[in-house]
Amino acid sequence: MNRNAPGGTNVLTMQSPRTRRVFILFGKSILAVLSLAVMLLLYAEGYVIWYFEYGLGLPTESQLAALPTTGPLCAANRESSYVPLSEIPPLVRKAVVASQDRDFYERRSIGPLARFASDVVAGRQPGNSSIIHAVSRDCLWTLVPDCCKGPNLEWQFGTQVFMGRIERTFTRDRILEAYLNNAYLGRGAYGAADAATAYFGKSLASLDIDEIALLLARFRTPMTSQRDSEWRDRMLDRMLAAGLIDEAQTATAKAAPLSLIAAPPRKP
């Protein structure tokens with residue numbers, strides 16, 4: 001259909017000045033509304049960034065850096081044993097990473113959205129590090145117990161912001177050390193060393209492979225259950241896949257009976 005008037009004159013040029021003014025006014029109104037919407041969105045974004053960066057009262061990176069470089073970090077139970085990472089058996093350290101977060105040392109210290117994109121590009125399962133998340137949660141509860149008591153959204157975003165500060169402040173070894181010493185593993189035990197005593201009556205260094213695998217399961221489910229044998233075998237398979245043990249060791253560990261000692265009586 002020819003939209004031009006006879007003689008090549010465009011239809012729009014034939015409109016009355018009043019009609020053109022209406023169209024121009026309408027267009028300017030739309031632009032004004034859109035500009036206002038953009039300004040409101042930018043203001044809201046700025047407020048959200050300020051609120052979660054400063055308004056929640058989260059410890060800053062400089063405050064975190066002032067914490068002791070050795071010993072307990074945000075420990076939930078000060079009476080639990082503390083074992084430096086260098087004294088934790090290498091198989092235990094590596095097995096925890098392999099079973100909990102195999103990309104723990106490779107994850108970059110970046111924001112949650114950038115981390116998500118990085119994980120997708122690298123072919124990793126998108127998401128937070130369970131190890132860093134656990135340590136960040138413990139530090140939030142210990143350092144600022146009154147923080148993030150609002151809606152669940154506030155807790156979630158506050159945790160994300162704080163995780164970034166934890167990642168940028170501490171080395172991965174320091175974070176892993178805190179995780180291995182702070183995690184609640186059932187039977188009143190905080191940390192791998194106390195859990196080894198509570199479940200097997202042994203020191204951490206004297207655990208057998210099947211016992212290490214069962215200890216790994218406690219990081220996921222801190223209570224004994226009828227599925228302990230299944231969970232132990234699943235952890236052994238992860239250790240095998242990570243190259244920490246060979247097939248013969250895996251088979252021997254799976255054939256071993258569960259060696260849990262009786263749970264201590266509950267305190268009245």
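The values are calculated or read from the model by the stated rules, or taken from the named source; none is laboratory data. As the structure is a computational prediction, the values presented were derived from the model and not from experiment. Note that each Cβ is placed from the backbone with ideal geometry, even for glycine, and that neighbours are counted across all protein chains shown. Heavy atoms of the whole protein, side chains included, go into the accessibility calculation; ligands, DNA and RNA do not. Shrake-Rupley method; radii C 1.70, N 1.55, O 1.52, S 1.80 Å.
Protection proxy ranking for 252-259, 203-210, using the average of other Cβ atoms within 10 Å per residue and placing the highest first: 203-210, 252-259.
Here's the list of aspartates and glutamates a cross-link from Lys202 could span, going by alpha-carbon distance under 15 Å and ignoring same-chain residues fewer than 8 apart: Asp194, Asp210, Glu211.
Around the amide H of Val144, modelled in the peptide plane, lies no amide H under 5 Å away from a residue 5 or more places distant or on another chain. Of the peptides 168-180, 27-39, 216-228, the order by per-residue mean of other Cβ atoms within 10 Å, starting with the highest, comes out as 168-180, 216-228, 27-39.
A Förster radius of 22 Å combined with the Cβ-Cβ distance from Asp173 to Ser62 puts the calculated FRET efficiency at roughly 0.60. Between the beta carbons of Trp155 and Met39, assuming R0 = 41 Å, the FRET efficiency works out to 0.90 to the nearest 0.05. Within the shell defined by Cβ-Cβ distances under 12 Å, the residues around Val83 carry a net charge of -2, with Lys and Arg each +1 and Asp and Glu each -1.
The mean of 1/r over all distinct Cα pairs in segment 144-264, once inverted, gives the Kirkwood hydrodynamic radius of 16.3 Å.
On a per residue basis, segment 167-224 carries 32 Å² of accessible surface, using protein heavy atoms and a 1.4 Å probe.
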